[in-house]
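The values are calculated or read from the model by the stated rules, or taken from the named source; none is laboratory data. Predicted model only: the values in this text are computed from it and were never measured. Note that we place each Cβ from the backbone using ideal geometry, even for glycine, and neighbour counts take in every protein chain shown.
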Amino acid sequence: MRKFKNLNWTIIFMAIGILVSLFLHYSSQKNEINKEKINIENERNNIRTMFAYEISHNQSNLNFLDGTKKVGFNQEKCQTENCVPSAVELNAFADIRLKVINSLRDDVYTIYLPKIYLLEPKEVSLIMNYYYNQKNLLKNSRDIHLELAKNRNNKKWLEEKTYVLNQNFEDEYSLGKEILKMYQSHIPKEKLVAP
């Protein structure tokens, strides 16, 4: 009988030991999963912050252009009723405006493109559209800059190129606003660009 009691206690201690080790293993696995989730979220936030800073910098340049769109605008030279000033008007200030456009940056995009999959699909879509549009804006701006000197007096060419450049500008400007609104918690207040 005594042997049987010792055997029961041995089995009970073994069962308790197995249960404790299973519990510790489960807790360890759960901690690892939680740490991984936290690390992924931290990485996401770091990526968001980097994009927010770069887009904020670019947006400040676009805000400058938008704020100066009436500079050099001459209402009397308009040929249509709905003639409005453009932030990228190819007038006497075309060279300066094109230089501002050509100063837009995409370094963060280039560096973080391999990690963009960590972000939410909506964010990825907006960021991809933003930089795709930026690529078009920069290409058109550079092409126009190369041809500007020989077409300064060609009113039709200037109007056509202003229209194309303005479409790219407006798309880039609105996408930048949307992204910065979404990422405003990732930018210190002193870096926030007023819409």
Region 123-142: number of residues that are farther than 16 Å from Glu172 by Cβ and without any contact (Cβ under 8 Å) to a residue 24 or more places away in the chain:
1
Looking at region 113-163, which of its residues are of a type in the set (Ser, Thr, Tyr) and either surrounded by 18 or more Cβ atoms within 10 Å (Cβ to Cβ) or over 16 Å from the mean Cα position of the chain (by Cα) (or both)?
Tyr130, Tyr131, Ser141, Thr162, Tyr163
Quick one: which residue in Leu90, Leu98, Leu104, Leu62 is at pLDDT 85 or above and within 19 Å of Glu160 (Cβ to Cβ)?
Leu98
